[in-house]
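Only one structure is covered here, and it is reproduced in the block below.
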Protein chains: 2
Amino acid sequence: MALIVQKYGGTSVGTPERIKNVAKRVARFKQAGHQLVVVVSAMSGETNRLIALAKEVQASPDPRELDVMVSTGEQVTIALLAMALQDLGYKAKSYTGGQVCIRTDDAYTKARIEHIDTERMRSDLDNDTIVIVAGFQGMDPGGNITTLGRGGSDTTGVALAAALKADECQIYTDVDGVYTTDPRIVPEAKRLPTVTFEEMLEMASLGSKVLQIRSVEFAGKYKVKLRVLSSFMDDPGEGTLITFEEEDSMEKPIVSGIAFNRDEAKITVRGVPDKPGIAFQILGPVADANVDVDMIIQNISHDGTTDFSFTVHRNDFQKAKAILEESLSHIGGASVTGSADIAKVSVVGIGMRSHAGVASTMFRALAEEGINIQMITTSEIKISVGIDEKYMELAVRVLHKAFELDKETQPLA
Amino acid sequence: MALIVQKYGGTSVGTPERIKNVAKRVARFKQAGHQLVVVVSAMSGETNRLIALAKEVQASPDPRELDVMVSTGEQVTIALLAMALQDLGYKAKSYTGGQVCIRTDDAYTKARIEHIDTERMRSDLDNDTIVIVAGFQGMDPGGNITTLGRGGSDTTGVALAAALKADECQIYTDVDGVYTTDPRIVPEAKRLPTVTFEEMLEMASLGSKVLQIRSVEFAGKYKVKLRVLSSFMDDPGEGTLITFEEEDSMEKPIVSGIAFNRDEAKITVRGVPDKPGIAFQILGPVADANVDVDMIIQNISHDGTTDFSFTVHRNDFQKAKAILEESLSHIGGASVTGSADIAKVSVVGIGMRSHAGVASTMFRALAEEGINIQMITTSEIKISVGIDEKYMELAVRVLHKAFELDKETQPLA
């Protein structure tokens with residue numbers, strides 16, 4: 001007997017029929033003798049419907065009140081799933097985040113979980129009852145309803161698994177695991193039987209958004225065994241297990257996957273004085289305007305001046321460029337240039353720590369296709385390049401092939 | 001400065017535009033220097049939508065889970081109203097029933113309020129904040145969500161007014177007060193500036209369903225000053241005040257109003273032995289089948305047998321008749337007859353206690369129109385007759401005229 005936390009997203013519970021299917025899957029695990037805690041999201045489309053309704057009343061809805069409102073989406077789903085399980089003959093009880101004491105801070109619409117009191121859930125589990133918990137929500141110390149932000153249901157699942165010391169946290173989604181890259185771009189993409197926590201972090205933040213990044217961080221912090229599976233396959237198989245142990249890197253493929261992000265824009269400030277504080281002078285006003293910055297590049301200087309580049313989301317391009325043009329004379333730079341059609345393509349792999357050849361393989365593969373690299377950034381387990389967006393699919397395909405990700409991987413277990 | 005509890009029903013908050021209008025009305029009272037607690041229902045249609053969704057998953061939805069689900073309807077409205085008030089520049093906070101500690105028993109879908117903790121609301125009110133509370137819902141001692149049953153938002157409003165010792169509880173609805181009868185049947189019907197608690201009880205249960213009967217009982221028990229007003233008129237005026245003091249009956253009109261109920265059916269068991277226990281033998285199986293019985297008539301016996309009649313809702317007619325036909329031989333009756341098209345028409349008035357002539361005026365007026373009376377029941381402040389349904393409108397009109405309800409009432413204040 002194991003204690004399993006399962007999480008089903010909005011698409012998996014999008015209709016009464018799908019909720020009944022989820023109930024059947026949960027029932028199969030219960031039938032196998034396991035204890036189950038099930039976390040669900042709002043039915044797909046519901047959260048957006050509620051937000052649109054709020055905006056009809058208040059152009060920029062009050063965050064506390066918005067949380068009171070959107071939290072109802074999950075509250076409907078938990079009740080429906082409990083009903084579906086009861087209809088199959090199982091004992092099931094639904095709880096809001098507040099009811100199972102998921103305590104968060106009071107940062108409405110993006111709250112962070114601080115504590116979970118498991119007593120009530122344990123008592124139900126010991127009483128042979130399937131516990132169903134609303135994802136994405138909690139309660140602050142003042143008893144106000146909070147939400148964890150978009151995708152927060154994953155975080156709820158992982159946090160419950162951590163608090164309950166569950167044997168496994170299973171995230172059911174519309175894909176059957178983590179792939180070497182997006183199969184829509186590279187049909188030969190393969191499902192990874194395992195992926196390390198660090199790789200997953202890099203993949204998630206780079207656009208392969210299978211799991212919300214915060215939930216992965218949470219899983220890493222509390223060593224929760226996290227598995228991604230398909231909620232639409234009759235037999236979802238093993239999915240992808242996210243591991244935390246440092247496995248022998250000789251056994252690991254050097255590169256695990258190719259991630260990408262299409263919607264970037266590059267801004268360069270040329271000829272800025274190469275002196276302390278200049279990076280802050282450039283990026284401070286950008287951050288103040290709530291523009292998120294992704295890649296940042298600064299190379300060596302010539303004659304006391306240097307060029308400073310960074311990327312932002314394409315939607316923020318004009319805004320960020322205008323800010324810099326305004327502060328250009330204050331910074332002492334020569335000019336601001338930019339390009340709104342940059343894509344970022346990254347190779348990710350825990351194995352590359354000990355393999356120096358990854359970068360050269362990557363750059364050669366791109367060069368052979370005549371793809372010009374505009375920017376390069378690296379981390380310990382990732383190399384990212386900024387390229388013209390029109391080459392993105394091509395770059396992903398050649399890199400996927402160059403690192404032999406289309407070949408069968410060895411079983412690692 | 002007064003402390004006012006206002007309640008707005010589903011139609012009054014049926015669209016974002018209407019919610020903004022409610023906010024403007026609340027703001028006017030706040031502007032006038034009052035403290036406000038506002039109770040709202042779910043947007044019209046929302047509760048039915050949720051119940052239908054539940055039934056798609058479980059034919060007969062689990063009551064606990066149904067409450068988790070339908071309580072979200074009000075939760076959406078409270079947030080929207082808080083947003084609308086903030087948009088007008090007022091401080092406003094929304095609370096679910098559980099959050100302001102509306103403690104109920106655990107009779108899911110029809111819970112009764114046991115206690116309300118006012119501390120949190122008081123603190124907000126003292127802080128110049130408009131408090132918005134979800135109607136229709138509470139929390140049982142185990143922390144489970146409960147609902148008070150259909151129309152329970154009125155009860156929430158009255159209960160909050162009682163707990164907060166509010167100066168007045170204003171129920172805003174789609175009519176502008178309690179009328180002498182339904183203006184759709186008698187265009188000359190007049191709004192009553194005041195109506196007594198007892199009259200209101202009789203009116204509510206007889207089909208003039210302006211207020212939920214439980215809320216009126218609650219108001220009577222705790223002496224809450226209750227006022228019914230229109231939520232759709234720009235200036236709702238004074239509405240109708242429901243009074244509890246025994247006013248000098250000389251000042252009161254003898255009859256306050258004509259109530260009616262269209263959907264009744266009559267069942268008669270003829271020739272039953274006139275002996276103790278027979279009424280129970282007849283009605284016991286009917287009650288066991290969850291059929292509500294309204295009027296019950298038994299007259300004196302002849303030769304040791306009597307006729308026993310009662311009315312049920314028309315939808316239950318076939319069911320009730322079948323039950324009695326089955327138990328007829330056991331009861332020892334001669335036959336079961338019935339009629340599915342009965343209407344009940346009642347004259348109601350606290351003043352009739354001291355006026356013997358009401359019954360004769362009523363019966364004469366009906367006789368003059370050739371309307372046959374099939375059944376008669378009376379209480380201290382009400383006389384009801386069962387008549388053929390096709391005469392109902394006519395009966396209401398002639399009685400309204402016979403008791404001069406179309407004449408201007410004297411101001412009572």
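Distances over 47 Å make up what percent of all Cα-Cα pairs in the protein assembly as shown? It would help to have the intermediate numbers written out before the result.
Working: 139732 of 340725 pairs.
For the protein assembly as shown, the fraction of Cα-Cα distances above 47 Å is 41 percent.
The rotation axis taking chain A to chain B passes closest to this chain A residue's Cβ, listed with the gap in Å: A:THR72, 2. Shielding of peptide B:97-104 by partners, expressed as the average count of other chain Cβ atoms within 10 Å per residue Cβ, is 2.
The alpha-carbon of A:LYS319 sits under 17 angstrom from the alpha-carbons of these aspartates and glutamates, leaving out residues fewer than 8 places away in its chain: A:ASP263, A:GLU264, A:ASP288, A:ASP292, A:ASP294, A:ASP341.
Taking a ≥ b ≥ c as the square roots of the eigenvalues of the Cα gyration tensor, the range B:331-376 is classed as prolate, since a/c reaches at least 1.5 and a/b is larger than b/c.
For the residues A:SER301, A:SER71, A:SER41, a GNM of chain A with alpha-carbon springs under 10 Å puts the largest fluctuation on A:SER301. The per residue volume of the convex hull around the alpha-carbon atoms of the range B:266-413 is 149 Å³. Computed from the C-beta positions of A:ALA279 and B:ALA2 and an R0 of 56 Å, the FRET efficiency is 0.40 to the nearest 0.05.
Label-point spacing at A:LYS407 relative to the other copies reads 10.6 nm, in ascending order, each point sitting 7 Å out from Cα along Cα→Cβ.
Charge dipole (Cα centre; +1 on Lys/Arg Cβ, -1 on Asp/Glu Cβ; no other charges) of the range B:3-173 amounts to roughly 540 debye.
Any chance you could check the Cα centroid distance between the range A:169-236 and the range B:266-282 for me, in angstrom? If you average the Cα positions of each part, the centres end up 72 Å apart.
Evaluated at q = 0.07, 0.08, 0.11, 0.13 Å⁻¹, the base-10 log of the normalised Debye intensity for chain A, with identical point scatterers placed on the Cα atoms, takes the values -0.39, -0.51, -0.92, -1.16. With an a/c value of 1.5 or above and a/b not larger than b/c for the gyration tensor axes a ≥ b ≥ c computed over the alpha-carbon atoms, the range B:61-147 is described as oblate.
Taking each of A:LYS7/B:LYS7; A:LYS91/B:LYS110; A:LYS55/B:LYS55; A:LYS275/A:LYS321 in turn, the alpha-carbon distance tops 28 angstrom for A:LYS7/B:LYS7; A:LYS55/B:LYS55. Computed from the C-beta positions of B:SER379 and B:LYS24, the FRET efficiency with R₀ = 41 Å rounds to 0.45. Each copy carries a label point for A:ASN290 at 7 Å from Cα toward Cβ; from one copy, the others' points are 5.1 nm away, ordered from shortest.
Take every Cα pair under 8 Å whose residues are at least 6 apart in sequence, average their separation, divide by the length of chain B, and the relative contact order is 14 percent. Calculated from the alpha-carbon coordinates, the range B:3-173 shows an Rg and a Dmax of 15.2, 50 Å respectively.
Looking at the range B:142-224, which trypsin sites (Lys or Arg not before Pro) are DSSP coil and have at most 16 other C-beta atoms within 10 Å of their C-beta? If you can, show how the numbers build up before the last one.
Numbers: sites: B:ARG150, B:LYS165, B:ARG184, B:LYS190, B:ARG191, B:LYS209, B:ARG214, B:LYS221, B:LYS223; in loops: B:ARG150, B:LYS165, B:ARG184, B:LYS190, B:LYS209, B:LYS223.
Answer by residue number: B:ARG150, B:LYS165, B:ARG184, B:LYS209, B:LYS223.
Taking every C-alpha pair closer than 8 Å and separated by at least 6 residues, the mean separation divided by the residue count of the range A:3-243 gives a relative contact order of 20 percent. If I take R0 = 51 Å and measure r between the Cβ atoms of A:LYS223 and B:ASP167 in this structure, what FRET efficiency does the formula 1/(1 + (r/R0)^6) give, to the nearest 0.05? Using R0 = 51 Å, I get an efficiency of 0.30.
Counting only Cβ charges, +1 for Lys and Arg and -1 for Asp and Glu, the dipole size of the range A:116-236 around its Cα centre is about 300 debye.
Sites listed here are GluC sites (Glu not before Pro) in the range A:319-380 whose DSSP assignment is loop and whose Cβ has at most 14 other Cβ atoms within 10 Å: A:GLU369, A:GLU380.
Overall, the protein assembly as shown carries a charge dipole of about 180 debye about its Cα centre when +1 sits on the Cβ of Lys and Arg and -1 on the Cβ of Asp and Glu, all other atoms neutral. For B:LYS275, the label point sits 7 Å beyond Cα toward Cβ; its separations from the matching points on the remaining copies run 11.5 nm, from shortest to longest. The mean number of Cβ atoms from other chains found within 10 Å of a Cβ in peptide A:51-59 is 6, as a whole number. Helical runs (DSSP H, four residues minimum) scored at -39500 (n - 2.57) apiece and divided by the length of chain A put the mean residue ellipticity at 222 nm at -11000 deg cm²/dmol.
A short reminder: the numbers here are calculations on the coordinates, not readings from a lab. Please read these numbers as outputs of a predicted model, since none were measured by experiment. Cβ sites come from the backbone with ideal geometry, for glycine too, and all protein chains shown count toward neighbours.
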